[in-house]
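See below for the structure under consideration.
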Amino acid sequence: MDRNAGRGTAGVLLIVLGFGLFLLQFVDALGGSVTLAALGGLFLFFYFTKKSFGYLVPGCILAGIGFGMIGTGSGIASGEFGGVGLGLGFLAIFIIRLLYERENTWWPLVPGIILLVNALGRSDSRFGGVVSILWPLLFVLLGIWVLVRRGGKGKAGGGEGNGGSGKKSQGSDAS
């Protein structure tokens, strides 16, 4: 049964790949962009069918780069749309993993937000000016977030002065 399912998947993939490559012959400017987006889609297909996280990361990144290049090459967007696509690809890793697997994998947010803000700042001078002035406030927001997450977890040492185990230390406390 597994062998037939694998052959069915392989057959569908070959048909889609063949039609995609055939159609790419007629699209000069966007050929490479569409290829990257299609490869990303192929990885995402395997992610959703095999339920393997190893396919999600390259799938989202390739799809993001491909769609960013499509946006730039087709004239839909101007400026740094490739960086926007890549940033959105990283953010998609976080969103898909959160919605599909209920896993809070926060690491894709870091490069995603950095790439997105950088690309938007380069494409719009007003946004870039605001970012260049306000970026230190990200440290303030990060500090607030750390303090809020820490809230209610005991003193700075993590507990009763014994490395955070929550147990009282033995011996007398002569003060």
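The values are calculated or read from the model by the stated rules, or taken from the named source; none is laboratory data. No experiment lies behind these values; they were computed from the predicted model shown. A quick note on method: Cβ atoms are made from the backbone with ideal geometry, for glycine too, and the neighbour counts reach across all protein chains shown.
Observations on the model:
- So Y100, is it at pLDDT 85 or above, surrounded by 18 or more Cβ atoms within 10 Å (Cβ to Cβ) and under 16 Å from the mean Cα position of the chain (by Cα): no
- Counted residues, region 115-166 - those being modelled with pLDDT of 65 or more and part of a loop (DSSP other than H, G, I, E, B): 4
- Test result for G87, in contact with a helix residue (DSSP H, G or I) (Cβ under 8 Å, 6 or more places away or on another chain), surrounded by 12 or more Cβ atoms within 10 Å (Cβ to Cβ), under 14 Å from G64 (Cα atoms) and modelled with pLDDT of 85 or more: yes
- A29 fulfils the conditions (1) surrounded by 13 or more Cβ atoms within 10 Å (Cβ to Cβ); (2) modelled with pLDDT under 85; (3) in contact with a Gly (Cβ under 6 Å, 6 or more places away or on another chain) except for a single criterion, (1).
- Options L56, L13, L62, L39; residue that is modelled with pLDDT under 80 and closer than 25 Å to R97 by Cβ: L13
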